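Here the structure comes first, spelled out in structure tokens, and everything after it is commentary.
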């Protein structure tokens, strides 16, 4: 299995360059808990990730305080899936 | 105190009624055998505490939708059961009951427990199991608030068991739109999770007059 490549994106890019809607809801705990985030900046393009993640982004919580890093699967400018990265060793694999 | 006993055939509260009838602390006892009788009694007579059986828990929750806020705001609601299990305790808490009364062979505790429940000295929220779960009392008694008809369509499909991606496909929405809407509905209704929302959606009905 190939290791994924992380390509650092320019700080000059904006969220609008990648998606139509910067807000997305991450679903955890077997589909029970819904948490809404807003993308602040896309930081990396992810290539050849075995779980299909396409981007890494800095995100903020929408309805409370907090920041995080999110693995995202973006297709046709729509976020199809997400996984919130919980610590520095998280490589996006389940 | 003025008492309303919501009696039902599955778990009759006859022994409790006998205890209440023989205690001077009880000023009046009303026994209701149908939902309509419960509603009419609460709107026409002074009642400090209504007592339901464990099997009448779900039905009693439905009745709350038919009561004036002036009635519900002052009414203490107690579940009386021979088997006060943990699921019943948690359910009663989520359905907005104030306390659970264990019916044992000894009856000395019944009147003091009811009095402490009415005064607020004793409450279901103080139970260690309930405290540990960090649940919102009465979370499953509300009518669902939504922002528009698309929210309504989303929760109706969720209520029949569709996963997010199938709701999205059926309504021609992106999965993120569906999830954003579900997250928002859960938030504005002060619920904890998707299951609570689906449960509320499926019990969001009115009691017919013949019930």
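Nothing in this text is a laboratory measurement; each read-out follows from the coordinates by a stated rule. For clarity, every value in this text was computed on a predicted model and none was experimentally measured. No Cβ is skipped: glycine too gets one built from the backbone with ideal geometry, and neighbour counts run over all protein chains shown.
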Evaluate the distance, in nm, between pseudo-label points positioned 7 Å from the Cα of residue B:33 and of residue A:51 along their respective Cα→Cβ axes. 6.0 nm
Just subtract the alpha-carbon distance of residue B:24 and residue B:134 from 0.36 nm times their residue separation and send over the number in nm, one decimal. 35.8 nm
For chain B, the Cα convex hull volume per residue in Å³ comes to 132 Å³
One-quarter of the Cα convex hull surface for region A:4-58, in nm²? 4.4 nm²
Once all Cα-Cα distances of the protein assembly as shown are split into 20 Å bins that start at 0, what whole-number percent is in each one? 28, 41, 24, 7, 0
For peptide B:169-182, how many partner chain Cβ atoms fall within 10 Å of a residue's Cβ, on average? 4
Mind jotting down the three principal axis lengths of region B:26-72 based on Cα atoms? Whole angstrom, largest first. 27, 22, 15
For chain A, report the % of Cα-Cα distances exceeding 14 Å. 64 percent
Per 5 Å bin from zero, what fraction in whole % of the C-alpha pairs of region B:130-211 is there, up to the bin with the longest pair? 3, 14, 26, 22, 15, 10, 7, 3, 1
To check my understanding: the extent here is largest minus smallest coordinate of the Cα atoms along each principal axis. What are those three numbers for region B:29-112, in Å, largest first? 33, 25, 22
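P(r) tail for region B:67-109, what percent of Cα pairs lie past 17 Å?
Working: 360 of 903 pairs.
Counting pairs separated by more than 17 Å, the tail of P(r) holds 40 percent.
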Distance from the Cα centre of region B:39-59 to that of region B:152-204, in angstrom? 32 Å
